[in-house]
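Reading through the structure tokens given below for one structure.
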């Protein structure tokens with residue numbers, strides 16, 4: 001297939017009916033996202049640990065829901081909220097469509113409860129960063145039999161004042177626990193770190209750093225670092241051999257991201273869990289592509305060679321034509337006559 005033909009087919013790619021919009025700003029892509037998320041959850045039952053964080057689909061054109069995230073590799077783009085499980089498997093995929101006209105609840109709380117809805121009341125543990133976490137959210141998740149562990153902003157409403165105002169030296173820890181089993185702690189490392197958890201106490205463990213020094217570190221901080229690595233690993237693997245390119249519509253970029261990146265990474269996670277085969281994401285994509293390649297069934301037309309050379313035909317026994325036979329016969333008779341006369 002030529003490039004022009006491929007680009008023509010790509011320009012016809014659609015995921016919705018433009019005459020009957022149903023999902024507002026995300027009408028062009030939401031049906032595809034819902035279908036894929038349904039299958040993500042159908043074939044995988046997560047373990048105890050879950051993680052919520054945001055990713056970015058790079059996009060620089062002007063859109064009302066385009067975001068600027070200074071801490072991401074691609075600073076401008078469409079924000080995606082993901083719920084990930086162990087082995088970098090994505091369970092939920094929610095596109096941020098901009099501010100709503102009427103805000104009923106806190107945006108971050110609404111996103112967390114929406115993504116976690118199928119997995120509440122099972123005793124799972126959620127890891128989040130300080131954009132989502134608060135004492136109010138921890139109380140809501142407590143009522144849904146779900147643990148939460150996350151970093152905390154010092155200016156959040158409901159934070160215990162004694163913990164926030166406590167002055168600590170490097171390595172010191174101070175924590176308070178509420179009647180509903182919510183622990184808010186402050187730990188001084190290179191700077192003050194605030195953490196909220198409903199699963200841990202103020203227990204500390206000894207950690208050996210790269211320099212060889214042994215320090216005491218809260219167990220909640222160590223578990224948080226492990227739990228938050230799931231979504232970072234998922235984004236890292238999605239970035240390898242990315243199908244995204246410039247100069248295509250925003251909904252096509254999102255469609256290719258969830259179809260050719262997120263779905264493939266999920267498939268790789270399932271493949272590894274079943275076969276125990278440690279295969280790279282690039283090799284896995286190659287194995288997917290091979291059966292899809294077109295194999296011609298009609299033999300190719302022979303090409304006339306440009307070079308010429310003599311070909312030996314071997315010892316072929318063929319009869320001579322009448323003229324050649326008579327000519328050779330006369331020559332042989334003449335030679336035989338001369339032999340008799342002694343001239344040879």
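Computed from the coordinates by the stated procedures, all read-outs in this text should not be read as laboratory data. All values derive from a computational prediction rather than experimental measurement. Note: ideal-geometry Cβ built from the backbone for every residue, glycine included; neighbour counts use all protein chains shown.
Can you give the angle from 0 to 90° between the axis of helix 322-340 and the longest principal axis of the chain, with both taken from C-alpha atoms, to the nearest 10?
50
Work out, step by step, the length gained on full extension between residue 23 and residue 178: first 0.36 nm times the residue separation, then minus their alpha carbon distance; give nm to one decimal.
51.7 nm
Return the distance in nm (one decimal) between the two label points of a simple spin-label model at residue 206 and residue 3, each offset 7 Å from Cα along Cα→Cβ.
Calculated label separation equals 6.2 nm.
Which ordering of 122, 256 is given by a fewest-first count of other beta-carbon atoms within 10 Å?
122, 256
Once you order the gyration tensor axes a ≥ b ≥ c over the Cα atoms, which shape class does the range 1-53 get: rounded for a/c under 1.5, otherwise prolate or oblate by comparing a/b with b/c?
Oblate.
Order by neighbour count: 234, 229, fewest other Cβ atoms within 10 Å first, most last.
229, 234
Compute a Gaussian network model of the chain, connecting alpha carbons closer than 10 Å, and tell me which residue from 135, 56, 303 fluctuates the most.
303
Output the 0 to 90 degree angle, nearest 10, between the alpha-carbon long axis of helix 30-42 and the longest principal axis computed from the alpha carbons of the chain.
80
Taking P(r) over Cα pairs in 20 Å bins from 0, in percent straight from the coordinates, which label in [x] 22, 42, 15, 6, 7, 6, 2, 0; [y] 29, 53, 17, 1; [z] 29, 60, 11, 0 is the correct one?
Of the listed options [x] 22, 42, 15, 6, 7, 6, 2, 0; [y] 29, 53, 17, 1; [z] 29, 60, 11, 0, [x] comes from this structure.
Would you calculate, for the chain, the mean residue ellipticity at 222 nm contributed by helices, counting each DSSP H stretch of 4 or more residues as -39,500 (n - 2.57) and dividing by all residues, to the nearest 500?
Calculated at 222 nm, the ellipticity per residue is -10000 deg cm²/dmol.
Show me the ranking of peptides 33-45, 79-91, 173-185, 277-289 by mean Cβ neighbours inside 10 Å, starting with the highest.
79-91, 173-185, 33-45, 277-289
Residue separation times 0.36 nm, minus the C-alpha to C-alpha distance between residue 34 and residue 290: what's the value?
89.3 nm
By counting other Cβ atoms within 10 Å of each Cβ, how are 96, 224 ranked from fewest to most?
96, 224
Residue separation times 0.36 nm, minus the C-alpha to C-alpha distance between residue 232 and residue 301: what's the value?
Extending this stretch completely gives an extra 19.7 nm.
Taking a ≥ b ≥ c as the square roots of the eigenvalues of the Cα gyration tensor of the range 1-159, is the shape rounded (a/c under 1.5), prolate (a/b larger than b/c) or oblate?
prolate
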